[in-house]
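Written out below as structure tokens is the structure these notes cover.
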Amino acid sequence: MNNGTKHKNFLFKNHNIKAYSTNTPQLLIQLYDMKTLVLSTSEHDIEHAATLLQQGNLVAFPTETVYGLGADIFCEDAVNAIYRVKGRPSDNPLIVHIAHIEDIYNIAINISDQTKILMETCFPGPLTVVLTRHPSLGDSFSKGLSTIAVRMPSHPAALSLIKKTGHPIAAPSANISGKPSPTTAQHVLEDLDGKISAVIDGGNCAVGIESTVIDMTHENPMIVRPGHITAEEISTLLHQEVAYVSPLDHSLPIISPGMKYRHYAPHATIDIIDADELHNRYIDESVILSNILVNRGVHTELFPLTTQTLFAAFRLADMRGYTQIVIVLDEKSKAQEGLMNRIRKATA
Ligand code: TXA
Ligand code: MG
């Protein structure tokens, strides 16, 4: 038995709405040529954003990982609009964001003790758990899968927005599909200005790459997307082996639909140089990501190589018309599985 029995009225905070009906208000989901409001993280603005969500509109918001494009999970039209606005493949399910750990029992079942330990330790934070979907929940964001991906973000504006909306929020990264995930409100506007109702500007995202996604529906936990929280950390916490399913390993079945899509891809070509091979190589006409000194010309833009700078550098390269991005890999960077995964995906 899971704690879900405690919540059998399915009352989410603030709202006495029967949870599993897809209650879509009569609303204006105008998709194009709308004015996209830029809101602050003030209480007043977040309240306004929550009202927009409750009315079936799309609002982008900051999280500690990347900006998300949110829809109230009970507004089916809004959830569908996410796919149209992003150009997202229709079989790629969305992560559901909650603001209280207990809310998980309204959307998932068969929650193991291991999952509870993970949630108690890592929620709120940059971790998404894949669980068995609650049978009475509609599958508009799960795309027919029997599972559901759930995350509790730690960014105060995200938590406040979910609480004020009173329902969980379905949210992919707030970029056009195939583009790098946005780590500032400006990045969101570059892709979605005029197509969504609002974006809450919460500054730069602290982590900079998307959450670690871990499938907890099997005997052994499986990481289907690496991130800031690592397999080793989870393995130590759970005293259990944690498998890592590489998207490049074609011998394994696709466990997470997002694994098969090209992501995070800039137009510029990416040239990866091992720090040991750098010697005194001269680099010009490039965006460079490097933590060590580089012999470079004046037509370059230099960023440190970190999860916080990667996507911003990709976007800047395309915006300024650079045709080459040079990434200098040092030992410390090579050890970061989330960072290396995003670099590999961008070059795949
Ligand atoms: O950090 C993040 O996770 C950000 C912020 C906004 O929370 N969100 C995010 O969402 O990156 P998105 O949609 O860009 O990536 C979600 C990934 C996709 O690869 C998707 O296939 C996978 O999670 N996913 C979603 N539901 C799943 C499920 N039921 N089973 C397996 N994978 C799932
Ligand atoms: Mg994404």
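Table for the structure above
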{"read-out": "Rg/Rh (Cα only; Kirkwood hydrodynamic radius) as it applies to region 155-236", "value": "1.02"}
{"read-out": "Cβ crowding within 10 Å averaged over residues, with 66-77, 87-98 ranked highest first", "value": "66-77, 87-98"}
{"read-out": "32 Å Cα-Cα threshold exceeded, pairs from Lys35/Lys116; Lys35/Lys179; Lys143/Lys334; Lys116/Lys164", "value": "Lys35/Lys116; Lys143/Lys334"}
{"read-out": "Portion, in percent, of the accessible area of region 307-348 that falls on carbon or sulfur, probe 1.4 Å", "value": "53 percent"}
{"read-out": "Ranked by how many other beta carbons lie within 10 Å on average, peptides 101-108, 205-212 from highest", "value": "205-212, 101-108"}
{"read-out": "Carbon plus sulfur fraction of accessible area for region 94-225, probe 1.4 Å, in percent", "value": "50 percent"}
{"read-out": "Over 22 Å [Cα-Cα, region 77-157], rounded percent", "value": "28 percent"}
{"read-out": "Mean Cβ count within 10 Å, highest first, over the residues of peptides 146-159, 223-236", "value": "146-159, 223-236"}
{"read-out": "Alpha-carbon centroids, region 267-331 and region 85-103: separation in whole Å", "value": "33 Å"}
{"read-out": "Computed magnitude of the charge dipole of region 43-176 (debye, nearest 20; Cβ of K, R +1, Cβ of D, E -1)", "value": "320 debye"}
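The values are calculated or read from the model by the stated rules, or taken from the named source; none is laboratory data. These numbers were taken from a predicted model, which means no experiment stands behind them. We place every Cβ from the backbone using ideal geometry, glycine too, and count neighbours over all the protein chains shown. With ligands, DNA and RNA removed, areas are computed over all heavy atoms of the protein, side chains included. Shrake-Rupley method; radii C 1.70, N 1.55, O 1.52, S 1.80 Å.
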